[in-house]
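Every read-out reported here was derived from the displayed coordinates using simple, explicitly stated rules and does not represent laboratory data. None of these values were measured; they are calculated from a predicted model. Methodologically, a virtual Cβ is constructed for each residue, glycine included, from the backbone with ideal geometry; neighbour enumeration extends over all protein chains shown.
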Amino acid sequence: MIIDEGFGSLDKNGRDDMIQELNELQHRLARIILVSHLEDFSCAFSNGYSIELVNQASKVRPLEHI
């Protein structure tokens, strides 16, 4: 499943509900790709990547979780 900026219009409670649903779905789907600029989503999952434009090239790095 690919979701590209699918939750930008949700409030905090709606985002929390979607995070819970996505965590449930990851046990039934082979891959979930979620593109978001919302920090709630980048902090909610155990694996993720940040993509930044550096010197006109994309720089990819794993997200670090506390």
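When shorter helices are ignored and each DSSP H run of at least 4 residues is given -39500 (n - 2.57), the per-residue value for the chain at 222 nm works out to -9000 deg cm²/dmol. Each Lys and Arg contributes +1 and each Asp and Glu -1, all at the Cβ; summed about the Cα centre of the chain, the dipole is approximately 300 debye. For the stretch 2-62, the antiparallel share of DSSP beta bridges with both residues in that region comes to about 65%.
One equal scatterer on each Cα of the chain, no solvent, Debye formula: the resulting log10 I(q)/I(0) at q = 0.16, 0.19, 0.26 Å⁻¹ is -0.59, -0.81, -1.29.
Amide H contacts under 5 Å for L34: I3, restricted to partners 5 or more places along the chain or on a different chain, H placed in the peptide plane at 1.01 Å from N.
3J(HN,Hα) along the stretch 40-52, derived from phi through the Karplus expression 6.51 cos²θ - 1.76 cosθ + 1.60 where θ = phi - 60°, amounts to 3, 6, 5, 8, 8, 10, 6, 9, x, 9, 10, 10, 10 Hz, with x in place of Gly and Pro. Using only Cα atoms, find the angle between the long axis of helix 12-25 and the longest principal axis of the chain, and express it within 0 to 90 degrees, rounded to the nearest 10. Helix 12-25 sits at roughly 90 degrees to that axis.
Between H27 and E64, the modelled label-to-label distance comes to 3.2 nm, taking each label 7 Å out from Cα in the direction of the beta carbon.
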